[in-house]
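Student: Okay, here's the structure, questions in a sec.
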């Protein structure tokens, strides 16, 4: 009985399959009947040509899509280039002593194969520095390097080389040696720059203006630290050193700043590029009033003591760093090379001829999709109400500002973006309200720990918006402490900008921007 039922079910399935096949053949015949004789012959001819050439009938490859595919393939690298060894070691089992290492760690001047690692101990005892990658084995790390390092008056600066591009690395300084460690700094993290030819999105966290005299902590920095971005950019006024003159006074101001909650967290979360502004020296109202050269030398030395940034030739700040073919970051000195006596003249000097020539050649010859200028003071043409401060920014030195814009236009240099600080506001603005440069954007990193006295004015009356930040030029304007994130996407040819309010982590802006160039 069971066998009969089984045979019956099989016969029914066979009939059903036959019925579906007949319907499909009928439908196919109907489609063929609907084709005209001319269509049929044309399709046959195309197939014959394809067969005669020995190629499949597939759509042609888009050259741009193929270029991007090949560029993305170049982003992956062989991690073993750094010759790391799998070692049984769990750094979290070593005591983290934040009382001894109260300023944490930093990784700066990051390139494809190197980074400058920093900490402060306050004594002259050597430490062991270990750098590693994550291991697939529990309780192990891929140890890249281990070396005994010495300090200079308690400050450790150690360049590590031979790293692999586009890799995530971890590091810490340990008390002791040969694996017998008693304590350590917090564990730092950084990513090396992308290899040449690579195209992929790059996310940056940015800030400026952290006044430790007004704030006991910097929540905006802590928000950015949690994101674990590719890179952290500081746009100046990291430490408010107003009133300092001696080495000891500058050191005290710096330590007051970088020990505040927020800084140890952001420093240890990503590699950093930084530029200085006036408060690393003194407030701009006093900066050019007869200060002796020894004052500037002392302030500059204190900066490089406390920031993991490699000085350039003759202690200069300006230099550039490239991340594959995605972005080249140009670190500018928009403060110490000015000639205040030329302000408002036809030959106003905002930066030296050497730096200005270097900048123009750099953005013209850069192979990167985005040219990102880390610009401590805004270059945007702010409304007339702001002109009381014109002497302290690019607008007061119109000849060099115009010369830079003319150079960009004449050489059709696309995707020059300005990432700036100083004004104690977060903003996204067109460089000019109208004209060719109105299609180019400047992003002002939200202050990490300061506020603008004009923010209250902006909020007080609707008409004040046009006086301070008109909508036709400013896509975003906010005067409270914020975390700022910028993602450069060369594949979509766009830049995503996010502002997150520090007090409550509310997202104030999450928007993509494109450069329209030229625009008249």
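The values are calculated or read from the model by the stated rules, or taken from the named source; none is laboratory data. What you see is a predicted model; the values in this text were computed from it and never measured. With ideal geometry, Cβ positions are generated from the backbone for all residues, glycine too; neighbour counts draw on all protein chains shown.
Student: Considering each residue of the range 150-202, count those that are within 20 Å of residue 255 (Cβ to Cβ) and outside any strand (DSSP E or B), and give that number.
Tutor: Summing the residues that are within 20 Å of residue 255 (Cβ to Cβ) and outside any strand (DSSP E or B) in the range 150-202 gives 5.
Student: Can you confirm whether residue 166 is in contact (Cβ under 8 Å) with a residue 60 or more places away in the chain, in the same structural domain as residue 119 (by TED's automatic domain parsing) and more than 19 Å from residue 92 (Cβ to Cβ)?
Tutor: Details: in contact (Cβ under 8 Å) with a residue 60 or more places away in the chain: yes; in the same structural domain as residue 119 (by TED's automatic domain parsing): yes; more than 19 Å from residue 92 (Cβ to Cβ): yes.
Yes: the conditions hold for residue 166.
Student: Moving to a separate point now. Considering every residue within the range 370-380, establish whether at least one is at positive phi and either surrounded by 23 or more Cβ atoms within 10 Å (Cβ to Cβ) or out of contact with any strand residue (DSSP E or B) (no Cβ under 9 Å at 6 or more places or on another chain) (or both). Walk me through how you get there before you give the answer.
Tutor: Our first condition is that a residue be at positive phi; within the range 370-380, this holds for none.
Checking the range 370-380: not a single residue is at positive phi and either surrounded by 23 or more Cβ atoms within 10 Å (Cβ to Cβ) or out of contact with any strand residue (DSSP E or B) (no Cβ under 9 Å at 6 or more places or on another chain) (or both).
Student: Sticking with this structure for a sec: Going residue by residue through the range 444-457, is there one that turns out to be closer than 30 Å to residue 357 by Cβ, crowded, with 16+ Cβ neighbours inside 10 Å and either touching a helix residue (DSSP H, G or I) at 6+ places or on another chain (Cβ under 8 Å) or in the same structural domain as residue 381 (by TED's automatic domain parsing) (or both)? Let's see the steps before the verdict.
Tutor: Within the range 444-457, the first condition is being closer than 30 Å to residue 357 by Cβ, and the residues that meet it are 444-445.
If we keep only those that are crowded, with 16+ Cβ neighbours inside 10 Å too, we end up with 444-445.
With either touching a helix residue (DSSP H, G or I) at 6+ places or on another chain (Cβ under 8 Å) or in the same structural domain as residue 381 (by TED's automatic domain parsing) (or both) added as a condition, the list becomes 444-445.
Yes, the range 444-457 has at least one match.
Student: Of all residues in the range 474-520, count the ones that are in contact with a helix residue (DSSP H, G or I) (Cβ under 9 Å, 6 or more places away or on another chain) and within 19 Å of residue 458 (Cβ to Cβ).
Tutor: 11
Student: State which residue pairs qualify: first residue farther than 19 Å from residue 392 by Cβ and inside the range 346-364, second residue modelled with pLDDT of 95 or more and surrounded by fewer than 16 Cβ atoms within 10 Å (Cβ to Cβ) in any location, beta carbons under 6 Å apart, and separation of 6 or more residues or different chains.
Tutor: Close Cβ pairs (under 6 Å, with a partner that is modelled with pLDDT of 95 or more and surrounded by fewer than 16 Cβ atoms within 10 Å (Cβ to Cβ)) amount to 364/411.
Student: Right, another one. All but one of (1) at pLDDT 95 or above; (2) touching a strand residue (DSSP E or B) at 6+ places or on another chain (Cβ under 9 Å); (3) under 17 Å from residue 370 (Cα atoms) hold for residue 517; state the number of the condition that does not hold.
Tutor: Residue 517 satisfies all of (1) at pLDDT 95 or above; (2) touching a strand residue (DSSP E or B) at 6+ places or on another chain (Cβ under 9 Å); (3) under 17 Å from residue 370 (Cα atoms) except (1).
Student: Continuing with the same structure: Residues 224, 238: which one is part of a loop (DSSP other than H, G, I, E, B) and touching a residue at least 12 places away in the same chain (Cβ under 8 Å)? Outline the logic, then answer.
Tutor: On the way: 224 fails: part of a loop (DSSP other than H, G, I, E, B).
On inspection, the qualifying residue turns out to be 238.
A quick yes/no check of all residues on (1) at pLDDT below 95; (2) crowded, with 23+ Cβ neighbours inside 10 Å:
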{"site": "164", "(1), (2)": "no, no"}
{"site": "173", "(1), (2)": "no, yes"}
{"site": "179", "(1), (2)": "yes, no"}
{"site": "186", "(1), (2)": "no, no"}
{"site": "189", "(1), (2)": "no, no"}
{"site": "195", "(1), (2)": "no, no"}
